[in-house]
1. Rounded to the nearest percent, how much of the accessible area of the stretch 39-182 (1.4 Å probe, protein heavy atoms only) is carbon and sulfur?
2. When Rg is the radius of gyration of the Cα atoms in the stretch 39-182 and Rh is its Kirkwood radius, what does Rg/Rh come to?
3. Scattering from the C-alpha atoms of the stretch 97-143 alone, worked out with Debye: what is log10 I(q)/I(0) at q = 0.31 1/Å?
4. State the answer as a single residue: which of Asn161, Gln96, Ser118 lies farthest towards the positive end of the charge dipole of the stretch 39-182, with beta carbon charges of +1 for Lys and Arg and -1 for Asp and Glu, about the Cα centre.
5. Could you work out how far apart the two model spin labels at Ala192 and Asn36 are, taking each label as a point 7 Å from the Cα in the direction of the beta carbon, and quote it in nm?
6. Tell me which residues come under 5 Å, amide H to amide H, from Ile164 once H is placed; ignore anything under 5 positions away on its chain.
7. In debye to the nearest 20, how big a dipole does the stretch 59-202 give about its Cα centre with +1 on each Lys and Arg Cβ and -1 on each Asp and Glu Cβ?
8. Quick check: pseudo-label points 7 Å beyond the Cα along Cα→Cβ at Glu176 and Leu72, how many nm apart are they?
Amino acid sequence: MTLGLAAASAMMVACNQKDSTPTAASPATETTTAANPDIVYVNSDSLLANYEYFKDVRNRLQKKAEQKEKDLRTQAESFQKEVQRFQQNAPTMTQQQAQATEQRLMQKQQQLQALQQSSGNELMTEESEEMNKIYDRVEEYLKQLSTEQGYKMVLTYQRGNSAILYGDSTLDVTKEVVDALNKTYESEKAEADKKKEAEKKK
């Protein structure tokens with residue numbers, strides 16, 4: 001299953017503002033202002049390609065989708081064998097037996113179709129929930145970064161699908177964002193692993 005997670009970048013906007021009124025016109029103030037632009041951008045393609053949490057989510061959902069597809073295929077093959085046996089044995093069945101078997105097979109086919117639909121909906125719902133978590137993580141960090149650096153806006157850039165046709169590379173904070181997000185995620189994973197080990201020892 002190919003995840004549509006590239007759309008995560010569309011919500012990466014942080015508008016936390018700091019009081020930027022200058023206290024005095026001095027060379028030091030001018031240098032600080034130049035070093036901290038009001039507007040920066042994040043390359044969403046690079047972010048998603050390097051954010052470990054996103055990659056783990058994508059791999060987990062892909063494995064889950066593959067397992068569901070395998071289970072459905074196994075059930076479909078089993079159903080097809082039942083149909084073939086019915087077709088082979090139909091000439092020797094009474095009319096009542098044939099009708100009962102045919103009705104049972106029709107009901108089973110409907111159940112398989114419903115299961116396939118529900119499995120697809122379940123995966124879509126879970127993917128949507130994971131997307132919201134990614135939005136929250138990125139947005140929370142960008143708010144923090146904007147507060148610390150004095151950014152008034154963080155834009156998102158995606159080649160071929162962006163309002164930014166060109167951006168000076170000095171305004172690109174993608175690496176800083178990815179590094180910080182991955183550092184946080186690594187700490188969370190380490191803490192989760194510790195809890196799992198502690199529970200096993202109980």
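The values are calculated or read from the model by the stated rules, or taken from the named source; none is laboratory data. Because the structure is predicted, anything quoted here is derived from the model rather than measured. Here the Cβ is made from the backbone with ideal geometry for all residues, glycine too, and neighbour counts use every protein chain on show. Quick note on the areas: whole protein, heavy atoms, side chains included, nothing else; ligands and nucleic acids left out. Shrake-Rupley method; radii C 1.70, N 1.55, O 1.52, S 1.80 Å.
1. 47 percent
2. Dividing the radius of gyration by the Kirkwood radius yields 1.32.
3. -0.97
4. Highest projection toward the positive end goes to Gln96.
5. Placing both labels 7 Å beyond Cα along the Cβ direction yields 3.4 nm.
6. Gln158
7. Numbers: 24 positive and 25 negative charges, 144 e Å.
Dipole magnitude for the stretch 59-202 comes out near 680 debye.
8. Between Glu176 and Leu72, the simple spin-label model gives 4.5 nm.
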